[in-house]
1. Could you grab the pairs with beta carbons closer than 9 Å, sequence gap of 6+ or different chains, first residue in region 66-91 and of a type in the set (Phe, Trp, Tyr), second one outside any helix (DSSP H, G or I) and surrounded by 22 or more Cβ atoms within 10 Å (Cβ to Cβ)?
2. Somewhere in region 139-157, is a residue under 14 Å from LEU212 (Cβ atoms), modelled with pLDDT of 95 or more, among the basic types (Lys, Arg) and touching an Asp or Glu at 6+ places or on another chain (Cβ under 9 Å)?
3. Do you know which residues across region 230-265 are of a type outside the set (D, E, K, R), under 23 Å from PRO62 (Cα atoms) and not in a loop (DSSP other than H, G, I, E, B)?
4. Let me confirm something: among ALA33, ALA58, ALA53, which residue is surrounded by fewer than 15 Cβ atoms within 10 Å (Cβ to Cβ), more than 30 Å from ASN114 (Cβ to Cβ) and aliphatic (A, V, I, L, M)?
5. Confirm whether HIS214 is touching a helix residue (DSSP H, G or I) at 6+ places or on another chain (Cβ under 8 Å) and closer than 14 Å to TYR186 by Cβ.
6. State which residue is surrounded by the fewest Cβ atoms within 10 Å (Cβ to Cβ) when the search covers only region 73-113 and only residues that are of a type in the set (Val, Ile, Thr) and more than 18 Å from ILE174 (Cβ to Cβ).
7. State yes or no: is GLU195 out of contact with any Leu (no Cβ under 7 Å at 6 or more places or on another chain) and more than 23 Å from PHE31 (Cβ to Cβ)?
8. What are the residue pairs meeting all of these: first residue in region 11-35, first residue modelled with pLDDT under 95, second residue surrounded by fewer than 16 Cβ atoms within 10 Å (Cβ to Cβ) and not in a helix (DSSP H, G or I), Cβ atoms under 7 Å, and 6 or more apart or on different chains?
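The values are calculated or read from the model by the stated rules, or taken from the named source; none is laboratory data. Computed from a prediction, not measured in an experiment: that's the story for all the values here. Neighbour counts are summed over all protein chains in view; Cβ atoms, including those assigned to glycine, are modelled from backbone coordinates with ideal geometry.
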Amino acid sequence: MRFGFHVSIAGGFTNVIERANRLGCETVQIFTASNKQWKRTPLDPDVVAGFRASLKEAQLHPLTVHLFYLPNLATPDEELLERSRQALSAELGRSSILGADFLVLHPGAFKNSNMDEGISRVATSLNQAISSATTKKVKIVVENTSGGGTRLGGSFDDLARIIEGVGKKDSVGICLDTAHAFQAGYPLHTSKGLEETLAQIDHLIGLEKLLLLHLNDSKTPLGSHNDRHWDIGKGQMGLEAFRRIINHPKLKHLPAVMETPSAPGGDVRNMAMVKKLREEG
């Protein structure tokens with residue numbers, strides 16, 4: 001398992017590599033611009049070339065881009081939906097330019113419509129983005145969520161139905177966020193719960209479609225539907241849960257990105273912890 005963090009691009013892409021190296025990253029996840037603004041500044045070719053060369057030199061792979069937070073691909077609001085679809089297509093293009101392997105996204109919320117319609121909108125959005133892409137190198141990876149309310153992705157059945165609606169199956173996969181799954185009611189903190197969850201993913205989607213882990217502990221209890229990440233082993237899931245996940249024969253080949261709280265020194269401690277668990281087996 002290759003470990004990394006979601007790393008800030010503050011100050012430009014050249015700072016990503018330095019931050020990732022300082023944290024001991026083996027893989028890395030980024031936004032391509034502000035996660036709270038629709039506007040995207042065009043990528044500078046010289047900056048991109050330097051970034052890609054530095055990634056290769058630092059042996060940071062795979063590179064994951066996270067779709068920013070404003071798009072909602074499940075919304076019934078036609079104006080927001082169209083803007084979200086345009087943003088997804090644009091971000092897929094930017095991910096390709098940067099040399100990313102994955103573009104990970106949350107499926108969104110169906111608001112004042114229904115689940116079936118929301119799932120259909122997400123699948124259509126993915127189909128449109130994939131069809132308009134100039135390259136097929138970047139896979140779109142749909143992340144499970146903590147669920148609750150009208151948010152899609154709280155169950156792996158949601159993700160299965162989205163994937164089923166995508167025509168080009170080789171262009172999509174899923175991301176397992178450990179905190180989100182726990183918050184949605186999947187008991188990943190127990191050996192039995194982990195095995196049952198993986199069996200369900202395999203049955204509904206296929207474990208070959210599981211391309212990425214978001215390795216986070218949960219500050220909130222099992223089934224809380226309250227999305228609060230916490231430091232590895234210090235949350236409700238506990239350290240042994242992560243030992244099992246990191247060394248599981250069906251998971252240990254995957255890249256794992258941590259999105260843990262950025263308290264002073266926290267990232268360094270989290271990285272040291274997961275590497276220790278990997279070494280101990």
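1. PHE68/THR32; TYR69/HIS106
2. Yes, region 139-157 contains at least one residue that is under 14 Å from LEU212 (Cβ atoms), modelled with pLDDT of 95 or more, among the basic types (Lys, Arg) and touching an Asp or Glu at 6+ places or on another chain (Cβ under 9 Å).
3. PHE242, ILE245, ILE246, ASN247, PRO255, ALA256, VAL257, MET258
4. Being surrounded by fewer than 15 Cβ atoms within 10 Å (Cβ to Cβ), more than 30 Å from ASN114 (Cβ to Cβ) and aliphatic (A, V, I, L, M) holds for just one of ALA33, ALA58, ALA53, which is ALA53.
5. Answer is yes for this residue.
6. Going through the qualifying residues, I end up with ILE97.
7. Yes, satisfied.
8. Listed by first residue and then by second, the contacts come to ASN35/TYR69.
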